[in-house]
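Accompanying notes for the structure given below.
Quick note: the coordinates plus some simple rules give every number you see, no bench work behind them. From a predicted model like this one, the values you see are computed outputs, not experimental measurements. A quick note on method: Cβ atoms are made from the backbone with ideal geometry, for glycine too, and the neighbour counts reach across all protein chains shown.
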Amino acid sequence: MGKPEPILTTHTDYQNVGYDNAFDHWTLPIDRQALAELVNLNGQHGGVLYARHNMVVSDYMGGGLTHEQLKAAVFSYFLFGDVALLKVRNGWGDVLALEVLPSLYLRRRKDGDFVILQDGEPLVYSPEDIIYLKQYDPQQQVYGIPDYIGGIHAALLNSEATIFRRRYYHNGAHTGGMIYCNDPNMTDEVEAEIISNLEHSKGIGNFSTMFVSVPNGDPDGIKFIPVGDISAQDEFSNVKSISAQDVLTAHRFPAGLAGIIPGNVGGLGDPIKAREAYRKDEVIPVQNLFMHAINPEIGKNEGLKLIFNQKSDNKNDE
């Protein structure tokens, strides 16, 4: 049946936020390492995250962050639900630059300090040196929470369906079974040889012919009993399709912009109109959130203020 393998399901469950006195910081509601790994496990989830942050950054005209820094900040905001920006000051306390802190290792303390975990002593920053953007979580106000949480299980199901199907073909296009032997003429040597061949038959080429010689044996003395019928029990296409749609719904991302192949004659509509509507409802609000959080915090240094080109690409909307 195969060995048990670790999955992300338990680590993506929501946990109550408590204070870790040993490490002096608030615990996370969701394991961020699991969220980071999930990006690479599901094509729809990871693809939409990259598309969302690319659309936000595409209108960036300049400011206190480079394009690479802004991409990192927006991606962390979507992936983990929050992002912290460090104010780099001169000797007089003026803000000279901004640095994006890694949200994967970000923690908060009771006194309001922000902590970046690392080998050895953590890096500690005071609240006045941090610009903190987070998505709202009604269950706690310490950390942000990503808006796609409702689609995590769909992303895991989609990924696990693909892994199962790959293993099915890798295993010789069968789900395994039992070898039933009841021939009294079978010797211990033949039985041991069959067991040895089965144990070493995993992987590519395992579904090959096996020669068994039992003189005067019963033709029904050796039988292969399948564990299950994949054609009857596995609805791979339906699982993939429904779970992919659930992922897009969790992200509120248009299917026409996600590379989804339409299953009907009508298609998925005009992608340009879908993009314009999505930009207005989802992209521009995030751009405004970053500008309103950062621009008032950088003091007199006008060159650090973020600027986005939010003019519509659709001439009919201008």
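Between residue 126 and residue 92, what is the spin-label point distance in nm, taking each point 7 Å from the Cα along the Cα→C-beta axis?
1.9 nm
Rounded, prolate or oblate: pick one for region 39-159, where a ≥ b ≥ c are the square roots of the eigenvalues of its C-alpha gyration tensor, a/c under 1.5 means rounded, and failing that, prolate if a/b is larger than b/c, else oblate.
Numbers: a/c = 2.23, a/b = 1.43, b/c = 1.57.
Judged from the Cα gyration tensor, region 39-159 comes out oblate (a/c at least 1.5, b/c at or above a/b).
Pop out the ³J(HN,Hα) list for region 121-136 in order, Karplus 6.51 cos²θ - 1.76 cosθ + 1.60 with θ = phi - 60°, rounded to Hz; leave Gly and Pro as x.
Those phi angles translate into 6, x, 7, 10, 10, 6, x, 6, 9, 10, 9, 10, 10, 9, 7, 6 Hz.
Which ³J(HN,Hα) values, rounded to whole Hz and listed in residue order, are derived for region 191-198 from phi using the Karplus coefficients 6.51, -1.76 and 1.60 in 6.51 cos²θ - 1.76 cosθ + 1.60 with θ = phi - 60°, glycine and proline given as x?
Ordered by residue, 3J(HN,Hα) equals 4, 5, 5, 4, 4, 5, 5, 5 Hz.
Where a ≥ b ≥ c are the square roots of the eigenvalues of the C-alpha gyration tensor, would you call region 116-168 rounded, which needs a/c under 1.5, or, failing that, prolate if a/b is larger than b/c, or oblate? Mind showing how you got there, number by number?
Values: a/c = 4.68, a/b = 1.93, b/c = 2.42.
Oblate.
Taking the alpha-carbon centroid of each part, what is the distance from region 267-294 to region 82-137 in angstrom?
Centre-to-centre distance over Cα atoms comes out at 28 Å.
Taking 35 Å as R0, compute the FRET efficiency from the Cβ-Cβ separation of residue 136 and residue 225 and round it to 0.05. Intermediate values should be presented prior to the final figure.
Details: r = 55 Å, r/R0 = 1.56.
After rounding, the FRET efficiency stands at 0.05.
What list do you get for 55, 291, 178 if you sort them by fewest beta carbons within 10 Å? It would help to have the intermediate numbers written out before the result.
Values: 55 20, 291 16, 178 9.
Least to most surrounded, the residues fall as 178, 291, 55.
Please say if region 5-95 is rounded, prolate or oblate, where rounded means a/c under 1.5 for a ≥ b ≥ c the square roots of the C-alpha gyration tensor eigenvalues, and otherwise the choice is prolate for a/b larger than b/c and oblate otherwise? Let's see the in-between values first.
Values: a/c = 3.41, a/b = 1.22, b/c = 2.80.
Because a/c hits 1.5 or more and a/b fails to exceed b/c, region 5-95 counts as oblate.
Could you name the lysines whose alpha carbon sits less than 18 Å from that of residue 311, not counting residues in the same chain fewer than 8 places away?
Partners within reach: 273, 280.
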